[in-house]
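The values are calculated or read from the model by the stated rules, or taken from the named source; none is laboratory data. Just so you know, these numbers come straight off a predicted model, no measurement behind them. Cβ placement follows ideal geometry from the backbone for every residue including glycine, while neighbour counts extend to all protein chains displayed. Quick note on the areas: whole protein, heavy atoms, side chains included, nothing else; ligands and nucleic acids left out. Shrake-Rupley method; radii C 1.70, N 1.55, O 1.52, S 1.80 Å.
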Amino acid sequence: MLLIECPWCGPRDEVEFRCGGEAHIARPQDPDALDDAAWADYVFMRTNPKGWHRERWCHSQGCRRWFNVRRSTVSHEITAVYKMGEEPPEAEGSAQ
Amino acid sequence: MADAKRSPLAFMTSALAEAEVPDAVALRELSPRTQIDLRGEVADPAFAGTVESALRLTLPRTPNRVADAGGLLALWLGPDEWLLVGPEASDLEARLRSALSGQHVAITDVSANRTVLELGGPKAREILNKGCPLDLDPRVFGPGQCAQSILARAQLLLHQRDIEPTYHLYVRGSFAFYAASWLIDAMKEYRFAKRGGRRER
Ligand SMILES: [Zn+2]
């Protein structure tokens, strides 16, 4: 069970949250200009790394706010939590 | 006394009362109250100031805090969202609407959304934590604090009233029977623990 630090509510049990997948995927500025392959890439394709991953989480049973988390997909260690619109912290290179 | 027409647990009034374990824990449903969900930008003085002068109540900006102005409560639900709780007969919504007219806000009457259970006594914290993942240790969570979480898989808005501790549990009307039944069951063991304790002495 993870203890996730909501930027508003502080540390809460994982059961109060919902994971929303990879973070920082920008919606294309001009969707009409995209062909099917490019649109499919935006909608479906994710990096799925083994290691550090920036992802969106929602405190769905708490304050219902979305925020970002940097979590290791190997160890589940969380090294950063930051609000929507904030700059992501420096990428973690070594620790996996 | 809860109103039979409106209170989801009116039919359980005696079951809730009978669940009491003297000197350990007691449970009851509180009478219906006016509940208004208020959303707005608290950093905007036009919003925060207007609410303050209209209700004589300062909206809490610190997460999970409750402001109490002579019985009118404002529970923090989010950085731009509060639950205002007042007496059943109240012009709260009308007062807010006229004071905030023209502003980018949302004022929603959610009185029928949740009913309020009062769980109090020295064992109340322990009983809640059987089904609620919140850290309720007095060093972390005390009177004047609120939190949204889960009680045995049902949505919960919790407000600690005093150090006894007494809690007010806001639960959805449709989950009220489930939550109350779960609480009655969770309270049961203290009845036996108490009897056992007496026998040994
Ligand atoms: Zn939260």
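Of all the criteria given as (1) of a type in the set (Gly, Ala, Ser); (2) out of contact with any helix residue (DSSP H, G or I) (no Cβ under 9 Å at 6 or more places or on another chain); (3) more than 24 Å from B:Ser149 (Cα to Cα); (4) open to solvent by 20 Å² or more (accessible area, probe 1.4 Å), the one not satisfied by B:Ser53 is (2).
Yes or no, residue by residue, for (1) closer than 20 Å to B:Thr115 by Cβ; (2) in the same structural domain as B:Gly121 (by TED's automatic domain parsing); (3) not polar (S, T, N, Q):
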{"residue": "B:Leu136", "(1), (2), (3)": "no, yes, yes"}
{"residue": "B:Gly144", "(1), (2), (3)": "no, yes, yes"}
{"residue": "B:Ser149", "(1), (2), (3)": "yes, yes, no"}
{"residue": "B:Gln155", "(1), (2), (3)": "yes, yes, no"}
{"residue": "B:Leu183", "(1), (2), (3)": "yes, yes, yes"}
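Listed by first and then second residue, the pairs linking a residue in the range A:7-28 that is within 14 Å of chain B (Cβ to nearest Cβ) to a residue that is away from the ligand (no atom under 16 Å from the Cβ), with Cβ atoms under 9 Å apart and 6 or more places separating them unless they lie on different chains, are A:Asp13/A:Met1; A:Glu14/A:Met1; A:Val15/A:Met1; A:Val15/B:Arg153. Contact map, the range A:53-64: residues that are away from chain B (no Cβ under 14 Å) paired with residues that are part of a loop (DSSP other than H, G, I, E, B), Cβ distance under 8 Å, separation 6+ or inter-chain. Pairs shown: A:His53/A:Thr47; A:His53/A:Thr73; A:Arg54/A:Ala23; A:Arg54/A:His24; A:Arg54/A:Pro88; A:Glu55/A:Ala23; A:Arg56/A:Ala23; A:Trp57/A:Phe17.
Within the range A:1-47, considering only strands (runs of 3 or more DSSP E) that don't extend past its boundaries, which have at least 2 residues that are at positive phi? Steps first, answer last, please.
Details: elements: A:3-6, A:10-13, A:18-22.
Here the list is empty.
Restricting attention to the range B:143-159, does a residue exist that is in a helix (DSSP H, G or I) and open to solvent by less than 10 Å² (accessible area, probe 1.4 Å)? The answer is no, given that none of the residues of the range B:143-159 is in a helix (DSSP H, G or I) and open to solvent by less than 10 Å² (accessible area, probe 1.4 Å).
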